[in-house]
Amino acid sequence: MINSQFRSVSLSHRLAPLHIREQVALTEQEAKDLMLYVKEFFQVSDLLVVSTCNRTEIYYHADADLSEELIKVLLIKKGITDLRGYSAYFEIYAEENQAARHLFEVATGLHSQVVGDMQIPNQIKYAYQWSADMHMAGPYLHRLMHTIFFANKRVAQETAFRDGA
């Protein structure tokens, strides 16, 4: 993948009301099934699917921006037919730096409703483990996630960031 870029789509509490987030949220099995589907039908690598009560996100490496297609697949898999209406709730990070920064900020708790909350970093770890177990985490995602985990550890040990969470 010569022109491959890391990208993501995100549905979160920043744009979507609770009832929308609840409809789009994925169970562990649904997240894994979605990953298998995306891997089979799209040219992607480094696939990570994160779904919590406040966000559902897909991170991926691909030559082309597949954001719109991935949003459609996610919505259809959840039985949602109003694709246009729901698409407005998603944020698209089509540039590699944007997507990596977004994952970094989410995984360190900066985008949690309770800033510094440790629940999100732990959920990101589980999602990454699924990705690794399913052989969908390539070198880029491995490096990025280990950098994020290292940063999380330093934040916890060297700052008061999580003291109020």
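The values are calculated or read from the model by the stated rules, or taken from the named source; none is laboratory data. For clarity, every value in this text was computed on a predicted model and none was experimentally measured. Because the Cβ atoms are built from the backbone with ideal geometry, glycine has one as well, and the counts that use them run over all protein chains shown. Remember, those area values only see protein heavy atoms, side chains included, never the ligands or the DNA or RNA. Shrake-Rupley method; radii C 1.70, N 1.55, O 1.52, S 1.80 Å.
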Ignoring ligands, DNA and RNA, please state the percent of accessible area on the chain from carbon and sulfur, probe 1.4 Å. 52
Under a Gaussian network model of the chain whose springs join Cα atoms within less than 10 Å, the largest fluctuation of Phe104, Phe41, Phe90 belongs to Phe41
Out of Asp82, Asp33, Asp63, a Gaussian network model of the chain with alpha-carbon springs under 10 Å gives the largest mean-square fluctuation to Asp82
Dipole of the chain, positive end: most advanced residue of His142, Phe6, Ile92 [Cβ charges, Cα centre]: His142
Heads up, I need the accessible area for Lys78: 1.4 angstrom probe, whole protein in place, Å², nearest 10. 50
In the neighbourhood of Ala132 defined by beta carbon distances under 13 Å, the net charge of the other residues (Lys, Arg +1; Asp, Glu -1) is +1
Given the -39500 (n - 2.57) contribution per DSSP H run of 4+ residues, what per-residue ellipticity at 222 nm results for the chain, rounded to the nearest 500 deg cm²/dmol? -16000 deg cm²/dmol
With a Förster radius of 22 Å, plug the Cβ-Cβ distance of Ala132 and Leu110 into 1/(1 + (r/R0)^6) and report the FRET value to the nearest 0.05. 0.40
Using C-alpha positions alone, give me the convex hull volume of the chain per residue in cubic angstrom. 103
Between Thr147 and Asp82, what is 0.36 nm times their sequence separation minus the Cα-Cα distance? Round to one decimal in nm. 19.6 nm
Counting pairs on different chains as well as pairs 8 or more places apart, how many Lys pairs in the chain have Cα atoms under 18 Å apart? 8
With the chain treated as a Gaussian network of Cα nodes joined by springs under 10 Å, which of Gly85, Gly109, Gly138 yields the largest mean-square fluctuation? Gly85
Kindly provide the pair-distance distribution of region 63-152 built from C-alpha pairs, with 10 Å bins from 0 and whole-percent values in order of increasing distance. 15, 37, 40, 9, 0
